[in-house]
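The values are calculated or read from the model by the stated rules, or taken from the named source; none is laboratory data. Predicted model, so just to flag it, every value in this text is computed and none were measured. Heads up, the Cβs are rebuilt from the backbone with ideal geometry, glycines too, and the neighbour counts pull from every protein chain shown. Heavy atoms of the whole protein, side chains included, go into the accessibility calculation; ligands, DNA and RNA do not. Shrake-Rupley method; radii C 1.70, N 1.55, O 1.52, S 1.80 Å.
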Amino acid sequence: MTRALRIAGIALLAFAAWQALVTLTGLPRFILPGPGLVFGTLWTSRALIAEHAVVTATEVLLGLGLGAVLGFGSAILLAASPLARSVLRPMLVFSQAVPVFALAPILTLWLGYGLWSKVAMALLIIYFPVTSAFFDALMRTPPGWLELARVMNAAPSRILWRIRVPAALPGFASGLRLAAVYAPIGAIIGEWVGASRGLGYLMLLANGRAKIDLMFAALIVLAVLTLLVHAAVDALCRRLWER
Amino acid sequence: MIDAPALHLSGRATIGGTPIFGPLTLEAPAGEWTCLLGPSGVGKSTLLRLLAGLGEEVVFDGDLAAGDGAPLQGRVALMAQSDLLLPWLDATENVALGARLRGEAPQRDRARDVLVRVGLADHAGKRPHALSGGQRQRVALARTLMEDRPVVLLDEPFSALDARARARMQDLSAEVLAGRTVLHVTHDAGEAARLGTRVLVMSRDGLADVPPPDTRPPRPFDAGDTLAYQGKLMRLLMEAV
Ligand SMILES: Nc1ncnc2c1ncn2[C@@H]1O[C@H](COP(=O)(O)OP(=O)(O)OP(=O)(O)O)[C@@H](O)[C@H]1O
Ligand SMILES: [Mg+2]
């Protein structure tokens, strides 16, 4: 309750500062609209914005889910197999030298203007953080536990699944928390490059028609969406692994 | 009757060129309880770890074998100096960890029995963070007893216990581990006086054999010969370098 109040207080303060900036600088409304105007637009265009927000949210959640599964699997593979480590790890690191943004046009070319090119962008952007956070945690199992398992004659696969993986889940969780913030970035870039739906598309459209208030309204919804996804992932991780 | 081999270790150990212990020769007779004492840092845990097949960082120059010539691998249980409980498992699951890691049927009932015997009946469902230091140590002891191995290496197993719990755990361990080859590292002269059929004091010069009373352990802690021996051992530890 106090937390909700605090957040509301901070939001109110931010809007006050925003309004003050508009008033003091006297910027025209097609450069910087005030909060009143933006929230007015948010209300009058709520159906339009909601329709596009649902599209972006779907892209983000699909990308997040697939990226989490792929990152989980890749980290396990890397941790379990020295061969995979020596072959795949340099490739993974090298792939990070390619800016993911630059891949957006190619993905659109391959996967089309629909949902999947955005899902792929979100996935690509979170894959590395998730994989490396989980992999690092898998490689840092407290040595005492591994020794205990060895004296107990445990098979390597059981050491992996019963000790290393559970011990590394907090690391996986921190990768996922990062991913929750990154995934919307991927989806939006995907939409900018080529889309007919989604908040990123709506922002471009509004910009082109000089509807700066609509652009800001979409931006606020996007920020709220990101915060909600992050909070949901955070709550899920806490529930599952950090009781 | 358990087929417990003697332990034999003779040689010297270094880590990264720094001498840790030795040269020394240790013999732990088959089916007997050997206590190992000595100042902190003299290499007791390192020696135990070597016998358990651990310590990749240690360069050991010498031989290390079971008296029957068969490999020790798979016949040893080690209770390390820290409890090494897995925080995501409750006490019962921690005690039953060995079976779980080997893919054997989990013996939850037996694990619960052992927990009852170490006095943790009311704590069987708790996770380690909800246990006290002494309780955690008893869970680790239960996990070691649960392994049912012929060779048991104990590294300061009762150090976190109050006097009463300590005496009880000594009695319990002596009973459960009777007939097994036990090598027990301790800093407590009274503990060695109660439990050892052989008592060794480790120093930089090697091992000194300090024969305990020839009554069967566990000896009463207040018996005259136990107390006299405890005093003698204490004196020796005070004079050791
Ligand atoms: N991994 C390591 N790298 C370098 N030195 C080590 C390592 N492990 C132990 N040592 C050193 O080896 C020596 C013996 O350590 P060990 O843990 O065997 O002592 P200990 O006799 O069990 O002491 P305590 O009674 O305090 O448990 C110490 O001086 C320690 O600093
Ligand atoms: Mg030690």
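A single entry from A:ALA122, A:ALA217 fulfils the requirement of being in contact with a helix residue (DSSP H, G or I) (Cβ under 8 Å, 6 or more places away or on another chain) and closer than 30 Å to A:LEU27 by Cα: A:ALA217. Condition test on B:SER45, is it near ligand 1 (Cβ under 9 Å from one of its atoms), open to solvent by 70 Å² or more (accessible area, probe 1.4 Å), within 27 Å of B:LEU237 (Cβ to Cβ) and not charged (D, E, K, R)? Criteria not met by B:SER45.
Can you tell me which residue among A:LEU115, A:LEU160 is under 30 Å from A:ALA102 (Cβ atoms), of a type outside the set (Lys, Arg) and open to solvent by 10 Å² or more (accessible area, probe 1.4 Å)? Break it down into steps so the answer makes sense when it comes.
Details: A:LEU160 fails: under 30 Å from A:ALA102 (Cβ atoms).
None of the others qualify; the one that does is A:LEU115.
Residues of segment B:81-114 that are more than 14 Å from every other protein chain (Cβ to nearest Cβ) and basic (Lys, Arg): B:ARG108, B:ARG110, B:ARG112. From the list B:ARG198, B:ARG194, B:ARG235, B:ARG180, the lone residue that is over 27 Å from B:ASP122 (Cα atoms), open to solvent by 10 Å² or more (accessible area, probe 1.4 Å) and modelled with pLDDT under 95 is B:ARG235. Under the condition of being within 17 Å of B:THR186 (Cβ to Cβ), open to solvent by less than 20 Å² (accessible area, probe 1.4 Å) and away from ligand 2 (no atom under 16 Å from the Cβ), the residues counted in segment B:10-32 number 1.
Just the residues that are buried (at least 17 other Cβ atoms within 10 Å of the Cβ) and more than 8 Å from every other protein chain (Cβ to nearest Cβ), please, taken from segment B:69-80. Residues satisfying the conditions are B:LEU72, B:ARG75, B:MET79. Checked against (1) buried (at least 19 other Cβ atoms within 10 Å of the Cβ); (2) part of a loop (DSSP other than H, G, I, E, B), B:PRO220 meets all criteria but (1). Every condition in (1) open to solvent by 30 Å² or more (accessible area, probe 1.4 Å); (2) within 11 Å of chain B (Cβ to nearest Cβ); (3) farther than 26 Å from A:VAL60 by Cβ; (4) of a type outside the set (A, V, I, L, M, F, W, C) is met by A:GLY144 except one, and the failing one is (1).
Taking each residue of segment B:41-61 that is within 13 Å of another protein chain (Cβ to nearest Cβ) and looking for partners that are among the charged types (D, E, K, R) and in a strand (DSSP E or B) with beta-carbon atoms closer than 7 Å, six or more apart or interchain, yields B:SER45/B:ASP155; B:LEU48/B:ASP155.
B:SER173 meets the conditions (1) out of contact with any Asp or Glu (no Cβ under 9 Å at 6 or more places or on another chain); (2) buried (at least 19 other Cβ atoms within 10 Å of the Cβ); (3) among the small types (Gly, Ala, Ser); (4) touching a residue at least 40 places away in the same chain (Cβ under 8 Å) in every case but one. The failed one is (4).
Every residue, every condition in (1) farther than 18 Å from B:GLY119 by Cβ; (2) within 16 Å of ligand 2 (Cβ to nearest atom), yes or no:
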residue	(1), (2)
B:SER132	no, no
B:LEU145	no, no
B:ASP148	yes, no
B:LEU153	yes, yes
B:ARG180	yes, no
B:VAL201	yes, yes
B:ASP209	yes, no
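Being open to solvent by less than 60 Å² (accessible area, probe 1.4 Å), free of Cβ contacts under 8 Å to residues at least 24 places away in the same chain and within 14 Å of another protein chain (Cβ to nearest Cβ) is the requirement here; does A:ALA154 meet it? Answer is yes for this residue. For segment B:115-124, check the following and say yes or no: at least one residue is away from ligand 2 (no atom under 16 Å from the Cβ) and either within 14 Å of another protein chain (Cβ to nearest Cβ) or under 17 Å from A:ARG162 (Cβ atoms) (or both). No: segment B:115-124 contains no residue that is away from ligand 2 (no atom under 16 Å from the Cβ) and either within 14 Å of another protein chain (Cβ to nearest Cβ) or under 17 Å from A:ARG162 (Cβ atoms) (or both).
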